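The values are calculated or read from the model by the stated rules, or taken from the named source; none is laboratory data. What you see is a predicted model, and the numbers here were worked out from it, not measured in a lab. Here the Cβ is made from the backbone with ideal geometry for all residues, glycine too, and neighbour counts use every protein chain on show.
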Amino acid sequence: MADSTPSQAQAYPPVRAVDALRIRLDRLENLVGIVQRRDAAEILEIPVLLDQVRDLFAQLQASGGQWNAEEARLRTIHAQLDRQAGVVIKKLGRAAFAAERARLPEPPDAEARWWWYLDDLVAARRRALLRKIAIGVGVAAVLLIAAVVIYQRFFAPDPATLARYEHESNAEALAMEGDLEGALAEIELGLAYDAADPTLLGLRAAILDIQGDSTAAEEARAALLAAVEQNQEKSAVALGQAYLRLGDPNRAVEVLNNLLAVMPDSAYAYYLLGTSQEALGDSFSAVQDYSRAADLAAQAGDNQLEAMARMAMAYANQRMMLPDMGTLTPTPE
């Protein structure tokens, strides 16, 4: 494990400083290269080692000379850590990472020592991704409105169906603004037209859970399960999608993992789990989940879901290479 001094590497003569630098680069390459297999203590070595490497480079540069090979290795380590920031925070926990940073003698510079702010980086990327999802939902809503107008003009739709969709749209808009009570009120108005609608029931259950009303949330989940005729997969997917729409991918992951514990071959669960992992900044896990979803969908002959999963997997792979680009994946019907 790295020495306990977080940001000050011991002063070495140049020859020994090079050796110390290379030893730390070796360790960092080993840690960052396989973050998925590392425990919390090993992950906490990473920012400490990066501090020491930074100070060693400063010592060497002050003494003159070129260290191109070592600098190239460090750039690669930085890029790998940047791509896997979501994995690091997921394994360690944002609170634990922030607590470790708080133990430093003084707050580290956010630019020079950015690795101490991986939790903020992941949170920012998560907000950006959720904004993209919200934009996608908005685009879908516009297309839906256009379709509704065409339908209304040429096919004489059922007014009750139109009213239900309007209340659903209102509920999602209010939830995005943080008005959960208003969203619940719109959901109840929508359920008056279709009491067994899984989307509305899933949103109601998710909102009640987020509000901490465990009894009402349990009753809402039971109503959702009854509406889909006790189909656990449909119920869990509806609830997981609701949590994602409400900006809570952690709860979506929990719901979907619970489903996979009893239905390990659910392609829809893996697909939505991949979307949830991306919202958490873990593109590595998302790629694995999308791949599993695509394989299971192919086995089931579900060509649409297979195509969606493979497309989402390709986007997630791109996200790992270009971590700032964000990802928006289609939602299964």
Tell me whether region 178-191 contains one or more residues that are closer than 18 Å to Y268 by Cβ and either buried (at least 17 other Cβ atoms within 10 Å of the Cβ) or not assigned by TED's automatic domain parsing to the domain that holds A261 (or both).
no
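Would you call E233 surrounded by fewer than 18 Cβ atoms within 10 Å (Cβ to Cβ) and in contact with a Phe, Trp or Tyr (Cβ under 7 Å, 6 or more places away or on another chain)? Give the steps one after another, and end with the answer.
Details: surrounded by fewer than 18 Cβ atoms within 10 Å (Cβ to Cβ): yes; in contact with a Phe, Trp or Tyr (Cβ under 7 Å, 6 or more places away or on another chain): yes.
The answer is yes for E233.
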Starting from region 169-198, keep only residues that are farther than 14 Å from Y243 by Cα, then list their pairs with residues that are assigned to a loop (DSSP other than H, G, I, E, B) and of a type outside the set (S, T, Y) whose Cβ atoms are within a distance under 8 Å, requiring at least 6 positions of separation or different chains.
G190/D197; L191/D197
Within region 28-53, residues charged (D, E, K, R), surrounded by fewer than 18 Cβ atoms within 10 Å (Cβ to Cβ) and under 17 Å from E70 (Cβ atoms) come out as E29
Pair list, Cβ under 9 Å, 6 or more apart: region 57-72 residue buried (at least 16 other Cβ atoms within 10 Å of the Cβ), other residue assigned to a helix (DSSP H, G or I) and charged (D, E, K, R)
F57/E70; F57/E71; L60/E70; E70/R22
In region 185-229, which residues are under 29 Å from the mean Cα position of the chain (by Cα) and part of a loop (DSSP other than H, G, I, E, B)?
D197, Q211, G212, D213, V228
Hits in region 205-219 - residues which are among the charged types (D, E, K, R) and surrounded by fewer than 18 Cβ atoms within 10 Å (Cβ to Cβ):
D213, E218, E219
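The rows are residues; the columns are (1) assigned to a helix (DSSP H, G or I); (2) acidic (D, E).
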position: D55; (1), (2): yes, yes
position: A58; (1), (2): yes, no
position: G64; (1), (2): no, no
position: E71; (1), (2): yes, yes
position: Q80; (1), (2): yes, no
position: K90; (1), (2): yes, no
Of the criteria (1) under 28 Å from A298 (Cβ atoms); (2) touching a residue at least 40 places away in the same chain (Cβ under 8 Å); (3) over 13 Å from the mean Cα position of the chain (by Cα); (4) surrounded by fewer than 24 Cβ atoms within 10 Å (Cβ to Cβ), which one N258 fails:
(2)
Report yes if V15 is at pLDDT below 85 and either among the aliphatic types (A, V, I, L, M) or surrounded by 15 or more Cβ atoms within 10 Å (Cβ to Cβ) (or both), otherwise no.
yes
